[in-house]
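Before any comments, here is the structure.
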Amino acid sequence: MIITGQDVFLRPITENDVDSIFMCFQNEEIMYMTGTRNLLTKDQIKEALNRFSEDSTRCDFAICLVENTRIIGDLAIMEIDLDNQKAMFRIALHSIENCGRGYGAEAVQLVQKFTFEELQLNRLELQVYSHNIRGMKSYEKVGFKKEGVLRQSLLMNGKYSDEIIMSILRDEYMELKKVH
């Protein structure tokens, strides 16, 4: 399944995406923004992608540019809970050069469409660290609301950061869709 927007599209992630994902682990700023400590090898990434593809409670996508089909990031809808109609969400752009251009926000909007219109879920939740101001602003821009704070839950680079819990509900998404 391909979900197309104006500047980016989402497609199922494949083993061919390993090099781009691996690049993400080479960037200190991206690692810090996502709170990632473990550097993965290409083989570990391949193994993880294979595991994810067998997991019925998740959908993993590559974020690609419409203009040239190049992968610029990846995202996942995880812990899909059909009984409670909710899921978790995470996203990573693989290069700082692609941040601040609206690609991430558009990818998140495409995920919201998929989550609420295709999967028919009621709630999409994410966690973002308090030092990732750009990420928080982007999530708020596309309708996520701050719900709670896990205070000083991450110690990285000698500093504590809060973990901010944010979510968007189906009716909020539908309301935003009417406005746009």
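The values are calculated or read from the model by the stated rules, or taken from the named source; none is laboratory data. Treat the numbers as computed from the prediction; the structure is a model and nothing was measured. Please note: Cβ atoms are built from the backbone with ideal geometry, for glycine as well, and neighbour counts cover all protein chains shown.
Tabulated values for the structure
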item	result
Single residue of the stretch 80-90 satisfying the filter (in contact with a strand residue (DSSP E or B) (Cβ under 6 Å, 6 or more places away or on another chain) and not aliphatic (A, V, I, L, M)) that is surrounded by the fewest Cβ atoms within 10 Å (Cβ to Cβ)	90
Among the candidates 128, 149, residue that is β-branched (Val, Ile, Thr), within 12 Å of residue 35 (Cα to Cα) and touching a residue at least 12 places away in the same chain (Cβ under 8 Å)	128
Matching option when the condition is modelled with pLDDT of 95 or more, surrounded by 13 or more Cβ atoms within 10 Å (Cβ to Cβ) and among the β-branched types (Val, Ile, Thr), among 21, 77, 30, 45	77
Residue 60 being of a type in the set (D, E, K, R), assigned to a strand (DSSP E or B) and at pLDDT 90 or above	yes
Pairs where the first residue, in the stretch 93-107, is farther than 11 Å from residue 134 by Cα and the second is modelled with pLDDT under 90, C-beta under 6 Å, 6+ apart	93/99; 94/23; 94/24; 96/29
Number of positions in the stretch 33-42 that are in a loop (DSSP other than H, G, I, E, B), exposed (fewer than 14 other Cβ atoms within 10 Å of the Cβ), in contact (Cβ under 8 Å) with a residue 24 or more places away in the chain and in contact with a Phe, Trp or Tyr (Cβ under 6 Å, 6 or more places away or on another chain)	0
Test: residue in the stretch 13-23 that is closer than 30 Å to residue 158 by Cβ, free of Cβ contacts under 8 Å to residues at least 40 places away in the same chain, in contact with a helix residue (DSSP H, G or I) (Cβ under 9 Å, 6 or more places away or on another chain) and of a type outside the set (S, T, N, Q)	yes
Wholly within the stretch 91-178, strands (runs of 3 or more DSSP E) carrying at least 2 residues that are in contact with a helix residue (DSSP H, G or I) (Cβ under 9 Å, 6 or more places away or on another chain), surrounded by 20 or more Cβ atoms within 10 Å (Cβ to Cβ) and modelled with pLDDT of 95 or more	123-129, 159-169
Selection status of residue 71, touching a Cys at 6+ places or on another chain (Cβ under 9 Å), over 26 Å from residue 155 (Cβ atoms), surrounded by 18 or more Cβ atoms within 10 Å (Cβ to Cβ) and at pLDDT 95 or above	yes
Residue in the stretch 72-89 that is of a type in the set (Phe, Trp, Tyr), under 25 Å from residue 14 (Cα atoms) and in a strand (DSSP E or B) present	yes
Residue satisfying all of: in the stretch 57-68; in contact (Cβ under 8 Å) with a residue 12 or more places away in the chain and not β-branched (Val, Ile, Thr); surrounded by the fewest Cβ atoms within 10 Å (Cβ to Cβ) among these	67
